[in-house]
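Step one of this worksheet: look at the structure below.
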Amino acid sequence: MWGALTKGESVTNADGERITPDMCIGPSTPPAAFLLIDCPDTTYLDYLINSKDFDLSKYEEGGQSINLRVVVHRLGNGVLEDPRYREWMRLFGSETQHLIANERYSSNQVVFTSPAYYQLCLSELDDQIFRLPHESANPEMSLSDLTDLPPKTDYLRPGMSLAMTQPKGLEYSPSPLAQDKYHPLLVERERGTFVSPIHDLYEEVRKDVTERPEVMDEMPGGDVVLTTLGTGSVVPSKYRNVSSTLVQIPNYGTIMLDCGEGTWGQMARHFGPNLESILRDLRCIFISHIPGDHHIGLSKMLIKRREICPDEPIHLIVNDATLQYLQEFHQLCDIGLNLSTTKVIRCNDIFWKSTREEILNGSNKESVLSLEADLGLESIQTVRVIHRSQSFGIVVRHRSGWSLVFSGDTMPCKDLITAGQGATVLVHEATMADEEQDQARAKAHSTFSQALDVGERMNAKNVVLTHFSQRYPKAPVLPGATHISYSPSPSPSDTVFHSGGTPNVALAFDCASMRIDQLWKMHRYQEVLAKTFEDPVDAEDDEGPVETVMGIEDANEGKYKKGRKGEVVKTKKGKGKQ
């Protein structure tokens, strides 16, 4: 009956009375709408302001015009300052709310406060490895300086809400900052009153690490810094972004190993005011294979490079599928592929089984030679590894005597072990726990123990485990005490490398910066890291009403529940485990 009335139809009730819609339904309200404008720079303005797509009369419903409640403006630098854009904004009328998202006019405050909280705790343990994220609560520029903006204009910030069907103004709903545990503790730290929940254990470990012999000065590559920007797999989660690792080689430049979505944001938070210099030093980006958690951030990285330092050389080592993606993306948005400083090297062009003569006789000879010269490399070679899609690892050997191997996504691979023999550092995926070995085999990934075994068979001196399944969102527990054993009174030779062929083992965490000659510290920190992430303060979710390991769903739908070991299991409406 109600359905018929809402459709404008009359009905007859049980007493035989005829009920018409106007007897019980009020007048309809104009349909509400919002716009999201993404305008990267002023070259788009002529098309935007002359487009007929924003004539709201085109979208009338039932003779009623659209009520445009809000326009969100995602703007590149310089767009809002252009008077043409502000004039176009005023065409929407004085009642439309405008929200500006721009790095100059918006605040740059840490919103993901749970990982920041743990970073703060761990910085008490080691403030060189675990650095606090950079932020700024105050916008760089003020909207009030632009006097001809529409009256209802504000900058976008966390927690804003605007009702689409009610004539209310901007409100602040519970936001990621509503249960913020990070910023109050940051204030305590600045006052000198912050004490970590496991302060005593931190003190014990810090004292023990400080007393170890200093024998690392002459270690080849000791000053090379690994920064693990993203250490999870598939999709970003609450504590781990997807795959990306920076290798900073002092006096030469930087290599990026994979570039998943959100990598630029991770760099901005980690490096803050030094971000541009880090980008200028970036000489090589290696993409192991095509899935999005390894390459989606690449286009953003190249766009920023084109904006900030187009004259600096960059070498892209990619497979054919990734190159095709870049070429097609470049047709939509200039990412600098046509710059003379952008040099593309296909993975097959530097294959490890190729002779030096074969590599230099290839079409990319000049690019390979310039990459080696820029970074001081003896060689850089790719290895085809074992995965469901075409995937490559890479072996980097430096003239000063150190070497680094990156596995990409793979099952244990004999070719990688052979090509990387004697590596100073092996960065290896460890997607699954040992009890998920069948799952790892089915998905062509490695378990924790398998990754460690690869390191031992490679005679690697240090192993950094990364690319964890998001079912282990905090600190995965390594199997077997033999892999994380620690002697409280080490000999000088054991300070850097363990005897007996067992490498130092480091669990990767987002935005941890580790010098190669300090990786033994991460080995020593295993116990305290596990204890830190047992902290009960994080028992409740602080980033909104709903949290899942794999993503966000509506709190009222009941579509997901947490399963064992932190995995997400779909209930009646779903189809199995994530």
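The values are calculated or read from the model by the stated rules, or taken from the named source; none is laboratory data. For clarity, every value in this text was computed on a predicted model and none was experimentally measured. For neighbour counting, all protein chains shown are included, and Cβ atoms are generated from backbone atoms with ideal geometry for every residue, glycine included. Accessible surface areas use protein heavy atoms only, side chains included; no ligands, DNA or RNA. Shrake-Rupley method; radii C 1.70, N 1.55, O 1.52, S 1.80 Å.
Determine the gain in length on full extension of the stretch Ile49-Asp82; use 0.36 nm per residue of separation and subtract their C-alpha separation, reporting nm with one decimal.
Numbers: separation 33, 0.36 × 33 = 11.88 nm, distance 1.20 nm.
So the chain would gain 10.7 nm between Ile49 and Asp82.
State, to one decimal in nm, how far the label point of Phe34 lies from the label point of Arg356, with both points 7 Å from Cα in the Cβ direction.
Each label point is offset 7 Å from its Cα along the Cβ direction, giving 6.0 nm.
So, with +1 on the Cβ of K and R and -1 on the Cβ of D and E, and no other charges, what is the size of the charge dipole of segment 31-161 about its Cα centre, to the nearest 20 debye?
Charge dipole, segment 31-161, about its Cα centre: 320 debye, nearest 20.
Just reorder Thr254, Thr502, Thr210 by solvent-accessible area, largest first, 1.4 Å probe, all chains present.
Thr210, Thr502, Thr254
Of all accessible surface on segment 266-317 at a 1.4 Å probe, what whole percent is carbon and sulfur?
Percent of accessible area from carbon and sulfur atoms in segment 266-317: 47.
What is the extension gain from Asp415 to Gln439, computed as 0.36 nm multiplied by their sequence separation minus the C-alpha to C-alpha distance, in nm to one decimal?
6.4 nm
Provide the solvent-accessible area of Asp15, counting protein heavy atoms only and rolling a 1.4 Å probe, rounded to the nearest 10 Å².
130
Report, in listed order, any pair from Lys300/Lys343; Lys443/Lys521; Lys414/Lys443; Lys207/Lys531 with a Cα-Cα distance greater than 24 Å. Provide the component values of the computation, followed by the final result.
Details: Lys300/Lys343 17 Å; Lys443/Lys521 32 Å; Lys414/Lys443 18 Å; Lys207/Lys531 17 Å.
Over 24 Å apart, Cα to Cα: Lys443/Lys521.
Go through segment 310-323 residue by residue and turn each phi into a ³J(HN,Hα) via Karplus (6.51, -1.76, 1.60, θ = phi - 60°); whole Hz please, and just put x for glycine and proline.
x, 7, 7, x, 9, 10, 9, 9, 9, 8, 5, 5, 5, 5
Heavy-atom accessible area of Glu190 with all protein chains present, probe 1.4 Å, nearest 10 Å²?
Accessible surface of Glu190 is approximately 140 Å².
Can you tell me the length gained on complete extension of the stretch Gln331 to Lys531, counting 0.36 nm per residue apart and subtracting the Cα distance? Could you put the intermediate results ahead of the total?
Details: separation 200, 0.36 × 200 = 72.00 nm, distance 4.94 nm.
Extra length available between Gln331 and Lys531 comes to 67.1 nm.
Compute, for Ser94, the solvent-accessible surface of its heavy atoms (probe 1.4 Å) with the complete set of protein chains present, and express it in square angstrom to the nearest 10.
Counting only protein heavy atoms, Ser94 exposes about 70 Å² to solvent.
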